[in-house]
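The values are calculated or read from the model by the stated rules, or taken from the named source; none is laboratory data. If you're wondering where the values come from, they're calculated on a predicted model, not measured in any experiment. Every residue, glycine among them, receives a Cβ derived from its backbone with ideal geometry; neighbour counts consider all protein chains shown.
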Amino acid sequence: MKRSNFGEADRLITLYTKHYGKVVCLAKGVRRLTSRKRGNLEIFNLVSFIASKGKGMDIVTEVETLSAFSGWRKDLKKVASAYTMCEMVDKLTAEGSEQPEVYELLVSYLKELGLIEEKDLSFLLNNFGELLVKILGFWPKDKIFLPNFNVSLFIEQIMEKELKSKRFLKRI
């Protein structure tokens, strides 16, 4: 879902897993040109990984890419939409909290990005956000959203800050 540089050649990776929810792992040496994990740990990749317990945090030891979602990676609007979905999941979920429904939702919508047209992106993002807040219990499952409901604004009110990716989406 996201990554940040750590030290000289390492990177902190935030992953969303089916069985452990959101986890933050250290990928040692991944920024080196010779790293075998480098290409697999790119943002938005669906991966299978093995991590071992470290002193402070888990350390990624092996990674295999299952899907790179290459169908939409060259479309800037779709990439921005994927960032928005990942940011919503990241900000609304707690680390280590198992949420298989959220995992399935995120994976299915990342796949859907490759199938839809650009004009339908805002509908897709709104639909994703609505389902996410219902799954996480921020909205009653049986209550219907009003037609003019702004799910991004609702999520920002929950987080008490603006979605960073939303500004990027406006510029495109």
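Scanning the stretch 2-47 for residues being over 19 Å from Ser67 (Cα atoms), in contact (Cβ under 8 Å) with a residue 60 or more places away in the chain and among the β-branched types (Val, Ile, Thr) gives a total of 2. Within the stretch 35-63, the set of residues being assigned to a strand (DSSP E or B), over 19 Å from the mean Cα position of the chain (by Cα) and among the hydroxyl-bearing types (Ser, Thr, Tyr) comprises Ser52, Thr61.
Among the residues of the stretch 16-26, is any of a type in the set (A, V, I, L, M, F, W, C) and within 25 Å of Ile155 (Cα to Cα)? Looking through the stretch 16-26, at least one residue is of a type in the set (A, V, I, L, M, F, W, C) and within 25 Å of Ile155 (Cα to Cα). Considering the stretch 136-161, the residues that are among the polar types (S, T, N, Q) and over 19 Å from the mean Cα position of the chain (by Cα) include one that is farthest from Glu95 (Cα to Cα), namely Asn148. Listed by position, the helices (runs of 4 or more DSSP H) inside the stretch 94-164 whose residues that are without any contact (Cβ under 8 Å) to a residue 12 or more places away in the chain and either not aliphatic (A, V, I, L, M) or not assigned by TED's automatic domain parsing to the domain that holds Tyr20 (or both) number at least 3 are 121-135, 151-159. Before we move on, is Leu136 at pLDDT below 95 and either crowded, with 16+ Cβ neighbours inside 10 Å or out of contact with any Cys (no Cβ under 6 Å at 6 or more places or on another chain) (or both)? Answer is no for this residue. Tell me which residues, restricted to the stretch 89-107, are over 14 Å from Val133 (Cα atoms) and more than 12 Å from the chain's Cα centre (by Cα). Selection gives Glu95, Gly96, Ser97, Glu98, Pro100.
Filter the stretch 7-34 for residues that are charged (D, E, K, R) and outside any strand (DSSP E or B); which is surrounded by the fewest Cβ atoms within 10 Å (Cβ to Cβ)? Selected residue: Glu8. For the stretch 139-172, the set of residues classified as surrounded by fewer than 13 Cβ atoms within 10 Å (Cβ to Cβ) and among the basic types (Lys, Arg) consists of Lys141, Lys143, Lys161, Lys164, Arg167, Lys170, Arg171, listed by residue number. Within the stretch 109-145, the set of residues being under 18 Å from Val79 (Cβ atoms) and of a type in the set (Asp, Glu) comprises Glu112, Glu117, Glu118, Asp120.
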